[in-house]
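Novice: Sharing a structure, written as structure tokens. Questions coming.
The values are calculated or read from the model by the stated rules, or taken from the named source; none is laboratory data. Just so we're clear, the structure is a prediction, and the values are computed from it rather than from any experiment. With ligands, DNA and RNA removed, areas are computed over all heavy atoms of the protein, side chains included. Shrake-Rupley method; radii C 1.70, N 1.55, O 1.52, S 1.80 Å.
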Amino acid sequence: LLYRNHTVVFCHTQTENLEEYCRSADVIVSFAGCPNLITGNMVKDGAVIVSVGCGFKDGKLCGDIDMDSMRSRDVLVTSTPGGVGLVTTALLFESLAN
């Protein structure tokens, strides 16, 4: 991404103003392992969200993305668990290359 003049910002769970960074992002790749870390009010319409991280909440496996809050948003989001694979990765990089 850097070679194609994209700005890449790395954040972590304790980043101040995490919501602002997420709201300004066109692509979010989350691998924090914190269930429901990224919510619908933290992303802008048209964003692509790739949920890699997962953890347990109430004894159930769930991803970093709060899928319930994303349903009303105009975003593309991978499901977790099971959403990130070869096809997801290939399509993500194909769209970034254009």
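Novice: How large is the accessible surface of F31 in square angstrom, using a 1.4 angstrom probe and rounding to the nearest 10?
Specialist: We get 140 Å² for F31.
Novice: Antiparallel as a % of all DSSP beta bridges within segment 6-75, to the nearest 5?
Specialist: On the way: 4 of 9 bridges.
Around 45 percent of the beta bridges assigned by DSSP in segment 6-75 are antiparallel ones.
Novice: While we're on this one: What figure, in Å² to the nearest 10, do you get for the accessible area of T15 with a 1.4 Å probe and non-protein molecules left out?
Specialist: We get 30 Å² for T15.
Novice: Under a 1.4 angstrom probe, counting protein chains only, how are E16, E94 ranked by accessible area, largest first? List each step's numbers first, then the result.
Specialist: Details: E16 150, E94 110 Å².
The residues order as E16, E94, largest area first.
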